[in-house]
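Contents: one structure, followed by commentary.
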Amino acid sequence: MQDKIIKFLAYEGKISVVCAQTTQMVENARKTHDLSPVATAAFGRMLTITTIMASEMKNKSDKITVQIKGNGPLQMMVATANNEPKIKGYVANPIVDLPLNDMGKLDVGKAVGEGYINVIKDIGLKDPYIGVCPLVSGEIAEDFAEYFAKSEQKNTAVSLGVLVDKNGVRAAGGYIITPMPDATEEEISKIEQAILKAGAISKMLDKNMTLEEIAKLITGDEKIQIIQDNITPVYECDCSKEHMADALAT
């Protein structure tokens, strides 16, 4: 299934939903950096949320840079994307290998450790927007939910997942759900219950569910509306001799 980001509106326009399938993008990043399984899971989640955030930017010249710096063995991860979105990035220590956590899953939280999220948005203003937020768990999704609440004043549900096997990335993706000011407590409660019932985004994608099916499942709204469905995230480095020459000249 091709990587894609689709934007929806649920409950008659009162809930914004953005769902992303990023399996190929994360697999390309894994191959490029020869990432270990836990590094793949951590970096893949970060790439997914960065592309979702990048897709919200308006202009081609806009750029977003996300940095996660923790005291875990991964040390630091950085990703930069434009609004297409084309994304690139790196992991300071791509070969981290840790035992599975108590739930038998890749221990992303321990690999990342305690630290900070830094978000820089260059959207054509005099100065770029810079947001900083402490990591809550190192599991990436919870950390960005906290970032949205503290730095952008948006109560947002965030889910990110990367399913890895011996052959590479089986499934990767994520979603964010943001209530509008006119959303009711009843509608928000329905979504909370639907999210709990739906389970992990990576498992839904591994079952070949479409993003529209996932959006209906996580909101509990069968009448959900698609507002944009032509966004294809790509892991691609735009480095060139010309860019390097400009950098050296600077």
Notebook entry, point to check: Quick one: in region 192-244, which of the residues that are of a type in the set (Lys, Arg) and surrounded by 13 or more Cβ atoms within 10 Å (Cβ to Cβ) is modelled with the highest pLDDT?
Noted result: Lys216
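How about region 116-161: which of its residues are open to solvent by less than 60 Å² (accessible area, probe 1.4 Å), part of a strand (DSSP E or B) and more than 20 Å from Ser55 (Cα to Cα)?
Answer for region 116-161, where residues must be open to solvent by less than 60 Å² (accessible area, probe 1.4 Å), part of a strand (DSSP E or B) and more than 20 Å from Ser55 (Cα to Cα): just Cys133.
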Next item on the list: State whether the residues of region 184-204 include one that is closer than 21 Å to Asp3 by Cα and not in a helix (DSSP H, G or I).
Entry: yes
Next item on the list: Scan (1) crowded, with 19+ Cβ neighbours inside 10 Å; (2) at positive phi; (3) not aliphatic (A, V, I, L, M) for the single condition Thr80 breaks and write down its number.
Entry: (2)
Notebook entry, point to check: If you go through region 22-35 one residue at a time, do you hit one that is open to solvent by less than 40 Å² (accessible area, probe 1.4 Å), within 16 Å of the chain's Cα centre (by Cα), free of Cβ contacts under 8 Å to residues at least 40 places away in the same chain and closer than 19 Å to Ile140 by Cα?
Noted result: no
Note to self: Please go through (1) over 19 Å from Gly44 (Cα atoms); (2) in contact with a strand residue (DSSP E or B) (Cβ under 8 Å, 6 or more places away or on another chain); (3) among the aliphatic types (A, V, I, L, M) for Leu106 and return the number of the only condition it doesn't satisfy.
What the structure shows: (1)
Margin query: Given the criterion farther than 27 Å from Leu9 by Cα, modelled with pLDDT of 95 or more and among the small types (Gly, Ala, Ser), identify the matching residue among Gly115, Gly104, Gly124.
Written below: Gly115
Margin query: Restricting to region 83-108, count the residues that are outside any loop (DSSP other than H, G, I, E, B) and open to solvent by 10 Å² or more (accessible area, probe 1.4 Å).
Written below: 5
Next item on the list: Any chance you could count how many residues in region 137-194 are touching a Pro at 6+ places or on another chain (Cβ under 8 Å) and basic (Lys, Arg)?
Entry: 0
Check: Does Gly173 satisfy the condition of being within 30 Å of Val96 (Cα to Cα) and surrounded by fewer than 17 Cβ atoms within 10 Å (Cβ to Cβ)?
Finding: no
Check: Restricting attention to region 9-27, and to residues there that are touching a Gly at 6+ places or on another chain (Cβ under 6 Å) and aliphatic (A, V, I, L, M), which single residue is nearest to Lys166 (Cα to Cα)?
Finding: Val26
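Those residues that are under 18 Å from the mean Cα position of the chain (by Cα) and either part of a loop (DSSP other than H, G, I, E, B) or surrounded by fewer than 17 Cβ atoms within 10 Å (Cβ to Cβ) (or both), I need them from region 63-77; list them, please.
Leu74, Met76
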Item checked: Cross-chain or 6+ apart pairs with Cβ under 8 Å, region 41-60 first and closer than 14 Å to Ala145 by Cα, then assigned to a helix (DSSP H, G or I) and aromatic (Phe, Trp, Tyr) -> Ile49/Phe144
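The values are calculated or read from the model by the stated rules, or taken from the named source; none is laboratory data. Values in this document were obtained by computation on a predicted structure and should not be read as measured data. Glycine gets a Cβ as well: all are built from the backbone with ideal geometry, and neighbour counts include every protein chain shown. Heavy atoms of the whole protein, side chains included, go into the accessibility calculation; ligands, DNA and RNA do not. Shrake-Rupley method; radii C 1.70, N 1.55, O 1.52, S 1.80 Å.
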